[in-house]
Amino acid sequence: MKHFRDSGRESVIEDLVEHPAAPKREEPLRRMLDAELTAKVRQAVTELPPLQREALVLFEYEGLPLSEIANIVGADVGAVKGRLHRAREKLRNALAPYLNTSREIVTLGKA
């Protein structure tokens, strides 16, 4: 490290550490894609059947355990698990085309 200090290269190393490798011009595109993905997920969750949406929101967003969700909704744990499974399947199907497109964009951006 002393060699870098003596040669004045320390500031170059600090610049590399402080500035990520991703170009600044990609940040607006990334923010736009993130906002679009958020909107798509929100829409897909809203379109779920009520019981599936309820189980998904309580589990994924509120972080409640299955047993507590079962008590809240008046169902057994098995029913809550089934609702979560069906909700996730519907979300996966609804978002698959969009997510595949996002992966291609991300892959192209790294090339």
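Go through region 61-71 residue by residue and tally those that are modelled with pLDDT of 95 or more, under 23 Å from Val41 (Cβ atoms) and either surrounded by 13 or more Cβ atoms within 10 Å (Cβ to Cβ) or among the aromatic types (Phe, Trp, Tyr) (or both).
3
Restricting attention to region 15-38, and to residues there that are surrounded by 11 or more Cβ atoms within 10 Å (Cβ to Cβ), hydrophobic (A, V, I, L, M, F, W, C) and under 19 Å from the mean Cα position of the chain (by Cα), which single residue is modelled with the lowest pLDDT?
Among them, the one singled out is Leu33.
At pLDDT below 80, in a helix (DSSP H, G or I) and among the β-branched types (Val, Ile, Thr): does that describe Val12?
The answer is yes for Val12.
Could you give every pair whose Cβ atoms fall below 8 Å, whose first residue belongs to region 73-102 and is modelled with pLDDT of 95 or more, and whose second residue is polar (S, T, N, Q), counting only separations of at least 6 or pairs across chains?
Cβ pairs passing all conditions: Val77/Ser67; Arg83/Gln52; Leu84/Gln52; Arg86/Gln52; Ala87/Gln52; Lys90/Gln52.
Report, ordered by the first and then the second residue, all pairs with beta carbons closer than 8 Å, sequence separation of six or more or different chains, a first member in region 47-70 that is free of Cβ contacts under 8 Å to residues at least 24 places away in the same chain, and a second member that is of a type in the set (Phe, Trp, Tyr).
Listed pairs, sorted by first residue: Leu66/Phe59; Ile69/Phe59.
Only one of (1) surrounded by fewer than 16 Cβ atoms within 10 Å (Cβ to Cβ); (2) part of a helix (DSSP H, G or I); (3) modelled with pLDDT of 90 or more fails for Gln52. Which number is that?
With (1) surrounded by fewer than 16 Cβ atoms within 10 Å (Cβ to Cβ); (2) part of a helix (DSSP H, G or I); (3) modelled with pLDDT of 90 or more applied to Gln52, the lone miss is (1).
The values are calculated or read from the model by the stated rules, or taken from the named source; none is laboratory data. Source: prediction; values computed, not measured. Glycine gets a Cβ as well: all are built from the backbone with ideal geometry, and neighbour counts include every protein chain shown.
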